[in-house]
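The values are calculated or read from the model by the stated rules, or taken from the named source; none is laboratory data. Owing to the predicted nature of the structure, the values given are computational and were not obtained by experimental measurement. With ideal geometry, Cβ positions are generated from the backbone for all residues, glycine too; neighbour counts draw on all protein chains shown. Remember, those area values only see protein heavy atoms, side chains included, never the ligands or the DNA or RNA. Shrake-Rupley method; radii C 1.70, N 1.55, O 1.52, S 1.80 Å.
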Amino acid sequence: MFIIGLTGGISCGKSAVAFELKKYGAVTFDVDEETHRLLQPGEYFFKAYVNHFGEQVINEYGQLDKKIIREIIFHDEDERQWINSVTHPILLNCTRDFLVKCAERGEKLVVLEIPLLFEAGWENLVDEVWAVYLPSNLQLNRLIRRDKITPEQAVARILAQMPIGEICNRADVVVKNKSSFADLQKQILKAMNGRWFFEKKILNTE
């Protein structure tokens with residue numbers, strides 16, 4: 001079983017790369033999706049956040065107010081460290097459980113989509129790290145449009161993460177998401193070609 005750790009800055013296009021890798025037979029695990037599940041009412045992260053921050057983080061629908069939490073995370077280093085100390089061990093266990101199940105099923109290629117892979121120190125979980133790169137101006141514009149936030153808020157979120165240059169320097173493969181989607185596909189194809197787990201027969205190259 002070959003494990004790729006897929007990482008990169010916020011709103012850089014990691015999900016698009018993961019989607020393409022599925023065409024080669026990859027099974028994927030998105031840490032953000034697992035986090036979202038555990039933030040639902042009654043789940044572990046929900047209870048931990050409410051106990052720590054109080055009911056101010058609960059919205060009128062009884063769910064966590066993500067806007068308030070994001071502002072806390074991206075503007076208060078101490079609180080961000082607290083959240084990481086609570087969430088990372090749980091998410092690490094969930095990721096390991098997923099890998100065990102993949103091994104039992106005999107999966108050939110596994111992709112772990114982990115935004116904070118280097119920050120969390122999870123490089124030892126994977127055989128190879130792929131980083132998705134997007135120029136800073138495009139990243140900023142995409143983040144503003146996607147999350148409907150101000151430029152100032154977008155900058156704060158980007159600066160709260162490891163610089164993309166450092167991420168790319170530490171990665172084994174860098175996918176540059178700065179041109180067309182077809183170009184992105186070509187880069188992935190080039191990176192995958194010749195691998196023992198490569199399943200070209202299921203790739204539509206037209």
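Observations on the model:
- Reported value for segment 150-198: 113 Å³ per residue, from the convex hull of its C-alpha atoms.
- Listed values [x] 46, 15, 13; [y] 30, 21, 15; [z] 23, 21, 15, entry calculated as semi-axes √(5λ) of the Cα gyration tensor in Å: [y]
- If R0 equals 35 Å, the separation of the Cβ atoms of A16 and W82 corresponds to a calculated FRET efficiency of about 0.65.
- Euclidean distance between Cα centres, segment 4-79 to segment 118-192, Å: 17 Å
- Mean Kyte hydropathy of 0.0 or more with a Cα span along the axis of at least 27 Å, helices from DSSP in the chain: none
- Take the Cα of N137, step 7 Å toward its Cβ, do the same at E60, and the gap between the two points is 4.1 nm.
- FRET efficiency, R170 to D32 (Cβ-Cβ, R0 22 Å, nearest 0.05): 0.60
- Peptides 50-59, 140-149, ordered by how many other C-beta atoms sit within 10 Å of their residues on average, highest first, read 140-149, 50-59.
- Our summary gives the chain a relative contact order of 38 percent, counting only alpha carbon pairs under 8 angstrom and 6 or more residues apart.
- Per-pair calculated FRET efficiency, R0 = 25 Å: N124 and F197 via Cβ, rounded to 0.05: 0.80
- Accessible surface of the chain, 1.4 Å probe: 50 percent of it comes from carbon and sulfur atoms.
- The magnitude of the dipole of the chain, with charges of +1 and -1 set on the Cβ of Lys/Arg and Asp/Glu and taken from the Cα centre, is near 920 debye.
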